[in-house]
Amino acid sequence: MKGLTRILVAALATVISLSALAGGHAGTAQADKQHAVLVTGANRGIGLEFVKQYADRGWLVIATTRKPEQAEELNALASGNDNIVVEYLDLTDHEGIDALAEKYKDQPIDVLMNNAGLMKGPDKGQMVGSIDYDDFIWFYRVNAMGPLKVSEAFYPHVKASEHKVMAALTTGKGKKGIPVPGFTLYKTSKAALDSIQKEIAIRWGRQGIKVVTLMPGRVLTHGEKPNPRMASVPVEDSVGGMIAVVDDLTMEQSGSTIQWDGELIED
């Protein structure tokens, strides 16, 4: 009887040892799991810098743009980095957005970075008293409806990920806003996006999805000339700061607007 007991104890110890080993391998596999980010408007400026910095971290970067064939710098970057995939995405093409989401249906996306948007001005069509209402509709289609559609389409992918972050870039507000006329359509369409982000935070908070609206600061990516009266931020610093904000984002902060340097922006 004692002999049989020793055999059973030894067998049990072997099972426990094998289970621990298997668990160790599973833990290692989990630790080595590659995170993924989807960046819209990835062909230049802030979007391209997001691609560079996330790729340098070893993340899978799904870099999207309206015209992949013309994104020379992005394509050159992707050709030398297996972590970067260039894809077509137009914020006004809802069928195309759904098609891309279907293509990546089995790919969890840790961070959805809604960076793309329409920015121009100052111009007469954006001044109160001479508003161009065709442009009004176009601004809202691109800056508000587009990011919302992307968030809806990629909701399952974000929900299936580890980090579960939906981020969108906005412009300044209040004293940090654009203090001159001629940007009415741009500013109000971004204000609509701010509100949409809050609605997403309310809607999907129970699923553990964290939502943030990011203010990149004044980054000179549209050919603007430096203004000694208005401080600007190097694109590398702005993007690095926004990535840090996303890394440290908590559920308690979900729905907030946070500047690139970590400052919480109050409504």
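Pulled fully out, how much extra length does the chain show between LEU220 and ILE131, if you take 0.36 nm times their separation in residues and subtract their Cα-Cα distance?
This chain segment gains 29.4 nm when fully extended.
How big is D for region 34-265, in µm² s⁻¹ as a whole number, if Stokes-Einstein is applied with the Kirkwood radius of its Cα pairs at 25 °C and 0.890 mPa s?
Values: Rh = 17.8 Å.
The estimated diffusion coefficient comes to 138 µm²/s.
Counting Lys +1, Arg +1, Asp -1, Glu -1, what net charge surrounds GLY125 among other residues with beta carbon under 12 Å of its beta carbon?
It works out to a net charge of -2.
Please rank PHE136, PHE154, PHE183, fewest neighbouring Cβ atoms within 10 Å first, as an exposure proxy.
Starting with the residue having the fewest Cβ neighbours, the order is PHE136, PHE183, PHE154.
Which of LYS149/LYS198; LYS33/LYS67; LYS176/LYS198; LYS149/LYS190; LYS67/LYS103 have a Cα-Cα distance over 24 Å?
Values: LYS149/LYS198 15 Å; LYS33/LYS67 31 Å; LYS176/LYS198 20 Å; LYS149/LYS190 15 Å; LYS67/LYS103 18 Å.
Result: LYS33/LYS67 exceed 24 Å.
How high is the relative contact order of region 34-265, in percent, with contacts defined as C-alpha pairs under 8 Å that are six or more residues apart?
Once divided by the residue count of region 34-265, the mean separation gives 18 percent.
Any read-out appearing in this document is the output of simple, stated calculations on the displayed coordinates, not a laboratory observation. Every value quoted in this text rests on a predicted model; they were computed, and no experiment measured them. Heads up, the Cβs are rebuilt from the backbone with ideal geometry, glycines too, and the neighbour counts pull from every protein chain shown.
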